[in-house]
Amino acid sequence: MISCTHSVAFAGIDVLKISIEVQITNGLPSFTIVGLGDKAIAESRERVRAALHAVGLSLPANHITVNLAPADVVKEGTHFDLPIAIALMGAMGVLEPESFYNYLMMGELGLDGTIRPVSGILPASVAATSYEMGFICPKEQGPEALWSGNLAIVAPHNLLDLMNHLKGTQLLLPPEPVSAQSTQTSFLDMKDIKGQESAKRAMEIAAVGGHNVLMVGPPGSGKSMLAARLPTIMPPLSTQEMLEVSKIHSVAGLLKDGQLVTTRPFRAPHYNASTPAMVGGGLKAKPGEISLAHRGVLFLDELPEFSRQTLEALRQPLETGEVSVARANSHITYPSRFQFIAAMNPCRCGYLGVPGHECPRAPRCAQEYQSKLSGPLLDRIDIQIEVPLINPWQLGQLQSGEDSATILKRVMAARAFQKDRFTNLPISTNAEADGRILEQVANLTDEARAQLIHVAEQLHLSGRGFHRMIRVARTIADMDQSETILRVHMDEALSFRKSCAKGEL
Ligand SMILES: Nc1ncnc2c1ncn2[C@@H]1O[C@H](COP(=O)(O)OP(=O)(O)OP(=O)(O)O)[C@@H](O)[C@H]1O
Ligand SMILES: [Mg+2]
């Protein structure tokens with residue numbers, strides 16, 4: 001007789017249903033797992049054998065074959081331990097097939113039969129719901145699985161509890177839901193930053209339109225502070241977005257205590273980060289920093305210090321909002337629609353143009369430093385601003401500027417105005433609008449258009465650069481609740497590009 005259970009394999013955050021078939025036939029004693037499993041699955045034999053022993057069962061001295069179907073899909077991870085053990089129990093006649101047939105299951109087994117946490121619980125339980133199946137997962141991860149809305153979740157602590165539950169001798173209680181948020185409160189606020197009014201204005205525009213920002217300025221001017229506070233003025237995640245972001249974090253094994261990600265992610269990888277760590281990939285093709293920053297902020301501090309290869313790898317995801325990771329025989333796609341915020345000093349010593357800090361190597365020092373950034377990457381950054389050193393008297397002032405809550409109210413109002421325009425389109429911010437959509441919705445006055453063309457000629461703006469200016473101007477007009485882009489909006493948009501273009505960048 002063949003006994004069958006179900007689990008999942010992952011391709012990015014997409015889920016593929018896997019059947020685990022077990023057959024016990026007469027022959028020399030053996031225990032074989034086939035179906036393109038990785039090393040962890042091969043080792044699963046020993047864990048399953050020990051876990052069954054822990055519940056008082058020993059494997060029959062027969063020929064045991066486990067097949068993971070479809071057999072041509074590469075499978076990896078320790079979460080197949082539990083479905084293999086349950087399928088074996090079915091084949092041994094310990095459990096009735098009907099008791100477990102309509103469940104997807106995941107879990108790693110300890111030698112004592114404990115069911116241990118694994119990654120990817122949330123997307124798998126969402127898939128179980130869509131297949132109209134129940135879901136069995138480790139006890140600690142029951143609350144995480146509950147977010148899928150699946151009503152048939154079983155979260156046992158160990159194999160014995162699950163066995164008794166499936167036999168009907170000792171029913172397990174359903175997992176307790178946990179409330180969203182709680183652990184993720186931020187103590188950062190825009191009012192911590194004194195002065196820097198134009199940089200704060202740029203951040204507000206970026207928050208409204210979803211634009212990428214590059215900040216250039218001397219050390220200690222507040223660039224990292226500004227970036228860290230951007231999520232506090234970004235609109236909260238919608239429920240749909242929370243699930244989307246949490247699925248990625250679940251696959252990466254980063255969801256803790258059954259909590260969903262409820263605030264916009266802020267990822268600030270160090271410049272030593274390798275390209276796979278940044279874009280995803282490596283041994284298990286886990287999501288990289290750019291996918292963990294999905295729907296949030298990716299902050300690269302000291303931008304020119306990142307390796308050229310890493311920076312160039314950002315170009316495609318910045319454009320498309322997703323990243324394709326190459327595997328040995330396939331490609332995995334992860335979403336990566338993040339807001340890119342970068343900061344850098346104008347030169348290696350950091351004080352280009354700051355009185356009292358003349359550098360003997362200027363301006364070559366600055367040219368060499370800035371040449372590490374490629375034109376195509378800079379072309380993808382809508383807003384490029386200078387963040388000058390702040391006066392000591394400004395720093396010494398006690399009163400600070402607006403707080404994040406006040407700015408957020410304005411951002412929300414402008415976002416609502418912006419969103420109305422995209423009701424029938426698959427995008428929600430100006431930064432996502434491509435050239436074609438932009439032509440339809442921009443609505444420039446003749447004066448604004450003439451000014452744009454004039455400056456574009458002077459700065460030799462690329463086609464992409466031209467559209468990016470319209471996009472920023474559209475956002476500034478949205479903040480004014482204006483249907484048309486006026487000259488004043490265009491002037492402000494161009495100032496963000498011009499300031500750095502006339503400098504060395
Ligand atoms: N505008 C400001 N308001 C209040 N504090 C400030 C301001 N600018 C700088 N500071 C103080 O200086 C510290 C350093 O700021 P921050 O790390 O943001 O500088 P930075 O521009 O990122 O410098 P670097 O180029 O060295 O990374 C902050 O922790 C804060 O204490
Ligand atoms: Mg910094």
Problem set entry | Helix 81-91 axis, angle to the chain major axis (alpha carbon atoms, nearest 10°) | 30 degrees
Problem set entry | Segment residue 364-residue 406, length gained on full extension (0.36 nm per residue, minus Cα span) | 10.8 nm
For this session: Can you grab the distance from the C-alpha centre of region 198-241 to the C-alpha centre of region 262-301, Å, no decimals?
Result: 17 Å
For this session: Would you please give the FRET efficiency between residue 73 and residue 371, computed as 1/(1 + (r/R0)^6) with r the Cβ-Cβ distance and R0 = 45 Å, to the nearest 0.05?
Result: 0.50
For this session: Take each of the peptides 333-343, 190-200, 223-233, average the number of other beta-carbon atoms within 10 Å over its residues, and list them starting from the highest.
Result: 333-343, 223-233, 190-200
Seminar exercise, completed: Amide H contacts under 5 Å for residue 119, restricted to residues at least 5 apart in sequence or on another chain and with H modeled in the peptide plane, are none
Exercise. If amide H atoms are built 1.01 Å from N in the plane of the peptide, which residues on other chains or at least 5 residues away come under 5 Å of the amide H of residue 444?
Worked result: 485
Exercise. Straight-line reach from residue 194: which lysines have a Cα under 25 Å away, not including same-chain ones fewer than 8 places off?
Worked result: 223, 409, 498
Exercise. Distance from the Cα centre of region 33-101 to that of region 357-396, in angstrom?
Worked result: 59 Å
Exercise. Given a cut-off of under 8 Å on Cα pairs at least six residues apart, what relative contact order in percent is computed for the chain?
Worked result: 13 percent
Seminar exercise, completed: Plugging the Cβ-Cβ distance of residue 38 and residue 256 into 1/(1 + (r/R0)^6) at R0 = 25 Å yields, to the nearest 0.05, a FRET efficiency of 0.50
Exercise. Taking Rh as the Kirkwood radius computed over C-alpha pairs, what is the Stokes-Einstein D of the chain at 4 °C in a medium of viscosity 1.567 mPa s, expressed in µm² per second?
Worked result: 51 µm²/s
Seminar exercise, completed: With the charge dipole of the chain built from beta-carbon charges (+1 for Lys and Arg, -1 for Asp and Glu) about the Cα centre, the Cα from 395, 423, 6 projecting farthest to the positive end belongs to 395
For this session: Under a cut-off of 17 Å between alpha-carbon atoms, report the aspartates and glutamates in cross-link reach of residue 167, not counting same-chain residues fewer than 8 places apart.
Result: 96, 98
Problem set entry | Value at 222 nm in deg cm²/dmol, rounded to 500, when DSSP H runs of n ≥ 4 in the chain each add -39,500 (n - 2.57) | -11500 deg cm²/dmol
Exercise. Whose amide H sits under 5 Å from the amide H of residue 286, counting only residues 5 or more places off or on another chain, with H placed in the peptide plane?
Worked result: 281
Problem set entry | Per-q log10 I(q)/I(0), region 2-167, q = 0.17 Å⁻¹ (Debye; single scatterer per alpha-carbon; no solvent) | -0.95
Seminar exercise, completed: Length gained, residue 320-residue 238, 0.36 nm per residue minus C-alpha separation, equals 27.4 nm
For this session: Using a 10 Å cut-off on Cβ atoms, rank the peptides 314-327, 296-309 from the highest mean neighbour count down.
Result: 296-309, 314-327
Problem set entry | Accessible surface of region 2-167, 1.4 Å probe, proportion on carbon and sulfur as whole % | 54 percent
For this session: Work out Dmax and Rg for region 324-439 from the C-alpha atoms and quote the Rg first, both in angstrom.
Result: 20.9, 61
Exercise. If you roll a 1.4 Å probe over the heavy atoms of the protein chains, what accessible area per residue do you get for the chain, in Å²?
Worked result: 44 Å²
For this session: Relative to the longest principal axis of the C-alpha atoms of the chain, give the angle of the C-alpha long axis of helix 239-251, reported between 0 and 90° and rounded to the nearest 10°.
Result: 60 degrees
For this session: With the full set of protein chains in place, find how many percent of the accessible area of region 190-502 is carbon and sulfur; take the probe as 1.4 Å.
Result: 52 percent
Exercise. Taking the highest mean first, how do the peptides 254-260, 288-294, 400-406 order by number of other beta carbon atoms within 10 angstrom per residue?
Worked result: 288-294, 254-260, 400-406
For this session: Treating the angle as unsigned and between 0 and 90°, give the value, to the nearest 10°, between the Cα long axis of helix 197-209 and the longest Cα principal axis of the chain.
Result: 50 degrees
Exercise. Structure shown: which of 256/372; 139/286; 17/419; 39/256; 286/372 lie over 31 Å apart, alpha-carbon to alpha-carbon?
Worked result: 256/372; 17/419
Exercise. With θ set to phi - 60° and the Karplus curve 6.51 cos²θ - 1.76 cosθ + 1.60, what are the ³J(HN,Hα) couplings of region 110-119 in order, to the nearest whole Hz, using x for Gly and Pro?
Worked result: x, 5, 8, x, 5, 9, 9, x, 9, 8
Problem set entry | Among 326, 131, 384 - extreme Cα towards positive end, dipole of the chain, charges at beta-carbon | 384
Exercise. Could you give the dipole magnitude of region 190-502 about its Cα centre, charging the beta-carbon of Lys and Arg +1 and that of Asp and Glu -1, in debye to the nearest 20?
Worked result: 580 debye
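The values are calculated or read from the model by the stated rules, or taken from the named source; none is laboratory data. Every value quoted in this text rests on a predicted model; they were computed, and no experiment measured them. All Cβ positions, even for glycine, are placed from backbone atoms using ideal geometry, and neighbour counts span all protein chains on display. Accessible surface is based on the protein model in full, side chains and every heavy atom, while ligands, DNA and RNA are left aside. Shrake-Rupley method; radii C 1.70, N 1.55, O 1.52, S 1.80 Å.
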